[in-house]
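A quick write-up on the structure given underneath.
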Amino acid sequence: MFHREGGYFKTSYKADMALYPLPIGKVAVTGFALLFLVVAPIFLDEYYLSVINIAAIAVVGALGLNILLGYTGQISIGHTAFMSVGAYTAANFAVHFDMPFWVTLPAGGLMAAAIGTLVGLPSLRVKGLYLAIATLAAQFIIEWVLNHTPLISGGVQASIEMPRPVFFGNVLNTQSELYFFILPVTIIA
């Protein structure tokens with residue numbers, strides 16, 4: 001801990017529940033925001049930006065898991081399976097049906113929600129370890145189906161090459177362009 005609370009007394013409930021109770025917190029968040037929004041894309045090369053892009057996508061998934069685990073205390077081990085359902089759905093719509101990025105992204109989310117509902121309905125009455133086991137089973141089943149259905153993934157050793165997303169007529173070719181697209185989505189999440 002770099003800064004102690006000495007001298008900062010909270011005299012109201014609003015002050016006690018403040019997002020940044022100390023002035024140094026606001027300064028630190030502003031500094032990190034400037035670091036990631038301005039400095040990082042200028043000085044980092046494509047490799048490090050691609051690592052940050054992948055981490056930012058994982059942050060969105062982790063925030064979704066935090067809603068379940070953090071607010072309800074329920075453990076879901078199959079969270080990545082639902083992310084992969086959404087990713088494969090978006091990829092297949094883009095590749096096989098030539099749909100634009102703005103259609104495939106919500107379609108992937110809707111398909112992940114549908115599969116999550118399909119798995120979640122039988123799991124409504126279980127909690128704790130039993131929910132963890134049910135979601136772990138869903139993880140293995142969904143992963144097996146995705147890997148062994150050539151119509152979805154092309155098979156075990158296949159890969160799907162997605163077209164680059166288009167944002168207001170601009171094709172996002174470089175990692176820095178993707179960075180400036182992914183980072184606001186992560187911040188909003």
Normalised alpha carbon radius of gyration of the chain [divisor 2.2 N^0.38 Å]: 1.28
Accessible-area ranking of MET17, MET83, largest first, probe 1.4 Å: MET17, MET83
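Using a 1.4 angstrom probe on the protein heavy atoms only, line up ARG125, ARG164 by accessible area, largest first. All intermediate terms of the calculation are to be shown ahead of the outcome.
Details: ARG125 230, ARG164 105 Å².
Largest accessible area first, the residues go ARG125, ARG164.
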Alpha carbon centroid spacing (whole Å) that separates segment 71-86 from segment 153-189: 22 Å
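If packing is taken as the mean number of other Cβ atoms within 10 Å per residue, what is the order of 50-60, 18-28, highest first? Provide the component values of the computation, followed by the final result.
Values: 50-60: 15.3, 18-28: 12.2.
Going by the mean number of other Cβ atoms within 10 Å, highest first, we get 50-60, 18-28.
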Spacing of the two label points (7 Å from each Cα toward its C-beta) at ALA40 and ARG125, in nm: 4.6 nm
PHE167 long-range amide H proximity, modeled H, under 5 Å: LEU172
Heavy atoms of THR72: accessible area, 1.4 Å probe, square angstrom to 10: 80 Å²
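How much length, in nm to one decimal, is gained on full extension between LEU151 and LYS10, taken as 0.36 nm per residue of separation minus their Cα-Cα distance?
Numbers: separation 141, 0.36 × 141 = 50.76 nm, distance 5.98 nm.
Taking LEU151 through LYS10 to full extension adds about 44.8 nm, to one decimal.
Ignoring chymotrypsin sites (Phe, Trp or Tyr not before Pro) that are buried or in helix or strand per DSSP, and keeping those with at most 13 other beta carbon atoms within 10 Å, what is the longest stretch of the chain between them?
On the way: sites that count: PHE2, TYR8, PHE9, PHE97, PHE168.
Of all site-free stretches, the longest is 10-96.
The values are calculated or read from the model by the stated rules, or taken from the named source; none is laboratory data. Bear in mind that the values here come from a model prediction, so they are computed numbers and not experimental data. No Cβ is skipped: glycine too gets one built from the backbone with ideal geometry, and neighbour counts run over all protein chains shown. For the accessible areas, the whole protein counts, side chains as well, though only heavy atoms, and no ligand, DNA or RNA atoms are used. Shrake-Rupley method; radii C 1.70, N 1.55, O 1.52, S 1.80 Å.
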